[in-house]
Structure formats: structure tokens, C-alpha cells
Amino acid sequence: MNQKVKLHPRKCDITGEGMSSGYLIGEGAMYIKYDSDMIKHLREIEKENNPDYDNDVKEGRLTDDWLLTDYYKNDYYYYTDWECPDDIQYVEVDGKMYEEGEPEYDKHFTHSWNKDEVTPDSNYESLKTDVQRLIKYMEENTTYLWRDDLECTHECVVLEDVEDGVKIDEDDEPTMACTGSNVVTMIEEIKKTHLA
């Protein structure tokens, strides 16, 4: 049985539907897909905070356009489109939504590779294990470097082998030797085994 799978960058907090464009409130505190739902939401907020709300509506001062403009100017929300594959946070399978991190999400969508391109000798669980190992190596080899030419600190993955590593535990001991060559080797193995 073929499953109907859709990818969505965000999910509307009002309707529960997936969305690739819409209103973003409070840097991600809430997402609203439709204009009518956004206007209804703004009216609820305005009514709660404006003691003269009913009178302002009666006199025609609180139009939909005025609410949208005023709340936008005051940085309450903005309208945006999500277009990058990295923006995908939900997978809809046969009408049911799964959020990033849930097993069903991982089964149907992975950022860094396309399942259609996985070789016949490969399998999902093997690839998942290899990618998890790669991520562990990368996390252990991540540090902050000061770059004088850029005048700021940058987070980076060290791709060389250093005995004492870059992360330390509570006893000031390295958590793992900094083996950047492991990162490079794992990337090559994943390419050869799963993406060739």
C-alpha cells in the first residue's frame, strides 16, 4: 500500500495543517497559516489588551488592515516563506503529522541524503548508525576558534588528530581524542557504502 507523504517546514497552531508560508509570531512561539485565522488571533489579543476595543470597532478604527499593519510595525509577527530542505520540521503521512525527531519522521525524511539514491547493498538502519557515529565524531571535535582576520569566534569541527582533544569532562580530562581523520573517514565510508 502506497503511503501519501508530504513534507512541511512548519505546522499551523490553529488548524494543525502543514505550511510552507504564513505568519510567524514571537520568533516561533506560534505559526498561523491563513489570513482569516491571523486576523481572528489579532482581534483576540487586541480585545484582551484594549479596554476601548468594542468602541474602536464600532467607530471603524480597528479594521483588519489596521490590526495587521499595527502589529507588524510593533514586531509582533512577520510573514515568511520557508523554501530550503533544511526548513522541513514535519512529515505528513496519510494525513497524520510527525515532528522532527519522531521515528516516523526519520523514516520518511532525512536532511542529508535522498533515500531514492541509496544503493541496493545499503539499508536504512546501517546508514542511520553510520550517520549517528559521524555526528558523534563531529560533536566531539567541535570547538571555538578565534580568527583574527574575522575578529570573532567561530564554531568549527577540527579535522586533524590531536591527542588531548577539544572537549573536557568535569575532571578536566579530554572526553575523546580529537580524531578529525575519523570525521573525514566516516564521510567517505557513507558516500561509498550508501550513496555510490
- Scope region 79-102; condition farther than 13 Å from residue 8 by Cβ and touching a strand residue (DSSP E or B) at 6+ places or on another chain (Cβ under 6 Å); matching residues: 79, 80
- Message: For region 45-63, check the following and say yes or no: at least one residue is surrounded by 13 or more Cβ atoms within 10 Å (Cβ to Cβ), over 25 Å from residue 18 (Cα atoms) and among the hydrophobic types (A, V, I, L, M, F, W, C).
- Response: yes
- Query: If you check 38, 30, which single one turns out to be among the aliphatic types (A, V, I, L, M) and touching a strand residue (DSSP E or B) at 6+ places or on another chain (Cβ under 6 Å)?
  - Reply: 38
- Message: Under 6 Å between Cβ atoms, which residue pairs at least 6 apart in sequence (or on different chains) link something in region 74-96 that is on the phi > 0 side of the Ramachandran plot with a partner that is part of a loop (DSSP other than H, G, I, E, B) and of a type in the set (D, E, K, R)?
- Response: 94/4
- Task: Could you please find all residues in region 41-66 being among the aliphatic types (A, V, I, L, M) and either in contact with a strand residue (DSSP E or B) (Cβ under 9 Å, 6 or more places away or on another chain) or not assigned by TED's automatic domain parsing to the domain that holds residue 99 (or both)?
- Result: 42
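The values are calculated or read from the model by the stated rules, or taken from the named source; none is laboratory data. The structure displayed is predicted, hence computed values, not measured ones. Neighbour counts are summed over all protein chains in view; Cβ atoms, including those assigned to glycine, are modelled from backbone coordinates with ideal geometry.
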